[in-house]
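The structure appears right after this line, and notes come after that.
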Amino acid sequence: MAPTLAVSFNESSDITDFVLNKGNGVKGLSEMGLESLPKQYIQPLEERMCGTKIMSHESIPIIDMSKWDDPKVAEAICEAAEKWGFFQIINHGVPIEVLENVKEATHQFFRLPAEEKRKYLKEFSPSNNVRFGTSFSPEAEKALEWKDYLSLFYVSEDEASALWPAVCKDQVLEYMKRSETVIRKLLDVLMKNLNVTEIDETKESLLMGSKRTNLNYYPICPNPELTVGVGRHSDVSTLTFLLQDDIGGLYVRGNNDSWIHVPPVSGSIVINVGDALQIMSNGRYKSIEHRVIANGSNNRISVPIFINPRPSDKISPFPEVLASGEKAVYKEVLYSDYVKHFFRKAHDGKKTIDLAKI
């Protein structure tokens with residue numbers, strides 16, 4: 001059950017306990033009908049969206065995938081990855097019903113009572129691969145983010161069937177399965193543009209050796225202008241395959257310190273380049289900073305699939321990219337070290353990639 005207005009907090013530690021330890025998340029806070037934002041969530045001025053420049057006339061490319069074999073489609077994908085780092089795809093072949101089902105399953109998970117969701121907190125979860133949490137890295141953050149999530153690291157269908165929450169596992173597995181063809185096609189196109197003509201077993205591991213799906217929940221916020229849904233960051237993935245609902249709120253960094261809204265387009269998937277692909281392409285493809293604003297009138301969900309190298313993989317610019325004499329901008333890094341570095345600190349824009357710079 002949602003907490004009632006009778007719950008009151010005397011200390012900031014009470015809020016932390018209620019949100020983080022009891023399994024209520026920020027959804028629990030939101031449902032109390034708070035009139036003002038708890039101070040733990042108030043972001044410093046420079047991290048708020050209100051003072052920033054929003055480019056309302058700019059938008060990321062929307063690419064129609066219905067004619068896969070048309071060279072213009074491949075060209076548009078590569079150009080978008082090089083210039084924007086973000087694009088939306090339509091007519092991609094993932095059935096709309098599959099997308100709708102995983103959105104509904106996300107709502108179903110977050111509707112579960114706190115004591116059910118609590119079973120998947122770090123301390124209690126049956127596996128490190130299944131994690132319910134809130135904000136990003138609460139222990140490292142000076143100000144918390146207004147978001148709850150369920151993170152599902154895919155090892156095998158058997159493990160997922162046994163350990164993922166029953167209320168959403170089938171829908172998430174179907175979503176991941178149906179997305180695989182599109183992801184492979186996108187990577188194939190992006191690789192050919194880098195003179196990587198064949199994705200052999202080693203390259204396949206580097207590009208898509210592991211996958212994680214997050215169910216993200218951004219509840220209604222009492223003072224959305226004072227906080228963030230997700231702070232400025234770039235993903236550590238190869239590619240991120242994002243399903244968003246029709247509420248909106250995702251912004252990507254444009255030129256001159258401006259931000260561009262990624263409007264919800266019915267049936268579309270948002271694709272973005274992650275740091276791993278920026279490193280492997282030696283900076284040809286751009287992993288761009290993005291953020292999510294909080295919303296004062298609507299709950300919002302999103303379901304990203306993060307396509308990653310395996311934790312044990314070492315990533316560096318592909319030899320094919322450097323074959324023409326181009327100088328490497330990035331050194332070799334162990335992917336698990338890179339990911340640990342990302343999660344060890346609060347969201348801080350593009351600073352994670354400095355770890356790999358020469």
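The values are calculated or read from the model by the stated rules, or taken from the named source; none is laboratory data. Fair warning: this is a prediction, and the values are worked out from it, not measured in the lab. Backbone-built Cβ (ideal geometry, glycine too); neighbour counts: all protein chains shown. The area values use the complete protein model at the heavy-atom level, side chains included, leaving out ligands, DNA and RNA. Shrake-Rupley method; radii C 1.70, N 1.55, O 1.52, S 1.80 Å.
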Residue-count net charge about Val273 - beta-carbon cut-off 10 Å; Lys, Arg +1, Asp, Glu -1: -1
Would you kindly derive the ³J(HN,Hα) couplings of region 242-255 from the backbone phi angles with the Karplus curve 6.51 cos²θ - 1.76 cosθ + 1.60 (θ = phi - 60°), listing them in order in whole Hz, with x for Gly and Pro? 10, 9, 10, 7, 9, 7, x, x, 8, 10, 10, 6, x, 7
Holding the Cα-Cα limit at 28 Å, pick out from Lys22/Lys177; Lys67/Lys169; Lys39/Lys286; Lys314/Lys351; Lys67/Lys314 the pairs that are longer than that. Lys22/Lys177; Lys67/Lys169; Lys39/Lys286; Lys67/Lys314
For the pair Asn128/Lys39, report the inter-label distance in nm, with labels modelled 7 Å from Cα in the Cβ direction. 3.7 nm
Taking the solvent-accessible surface of protein heavy atoms with a 1.4 Å probe, what is the per residue accessible area of the chain in Å²? 45 Å²
Accessible area of Ile90 in the full protein assembly, 1.4 Å probe (Å², nearest 10): 50 Å²
For the cross-link pairs Lys72/Lys340; Lys211/Lys327; Lys83/Lys119, which exceed 32 Å when the distance is taken from alpha carbon to alpha carbon? Lys72/Lys340; Lys83/Lys119
For a quick check: with amide H placed at 1.01 Å from N, whose amide H comes under 5 Å from Asn282's, ignoring anything fewer than 5 positions away on the same chain? Phe318
I need to check one value: relative contact order of the chain, counting alpha carbon pairs closer than 8 Å and at least 6 residues apart, in percent. 21 percent
Modelling each spin label as a point 7 Å along the Cα-to-Cβ direction, I'd like the Glu75/Asp14 distance in nm, to one decimal. 6.4 nm
Choice from Pro126, Pro224, Pro71 with maximal GNM fluctuation in the chain (Cα, 10 Å cutoff): Pro71
Tell me, in nm to one decimal, what length is gained between Ser205 and Glu157 on full extension, where the rule is 0.36 nm per residue of separation less the Cα-Cα distance? 15.5 nm
Pulled fully out, how much extra length does the chain show between Leu322 and Ser66, if you take 0.36 nm times their separation in residues and subtract their Cα-Cα distance? 88.9 nm
Could you give me the ³J(HN,Hα) list for region 326-333, computed from phi with Karplus coefficients 6.51, -1.76, 1.60 and θ = phi - 60°, whole Hz, x at Gly and Pro? 4, 7, 5, 9, 10, 8, 6, 9
Around Tyr330, which amide H atoms from residues at least 5 apart in sequence, or from another chain, sit under 5 Å from its own amide H, with H modelled in the peptide plane? Ile358
If you roll a 1.4 Å probe over region 216-344 with all protein chains in place, what percent of the accessible area is carbon or sulfur? 50 percent
Considering amide H positions built from the backbone, and no H for Pro or chain starts, which residues 5 or more places from Asn299, or on another chain, come under 5 Å of its amide H? Ile220
How much solvent-accessible surface does His107 expose, in Å² to the nearest 10, with a 1.4 Å probe and all protein chains in place? 50 Å²
³J(HN,Hα) computed for each position of region 157-162 - Karplus, 6.51 cos²θ - 1.76 cosθ + 1.60, integer Hz, glycine/proline x: 4, 5, 5, 4, 4, 7
Contact order relative to length of region 235-349, as percent, for alpha carbon pairs under 8 angstrom and 6 or more apart: 30 percent
Computed FRET value (nearest 0.05) for Val167 with Lys22, which takes r as the C-beta separation and R₀ as 22 Å: 0.65
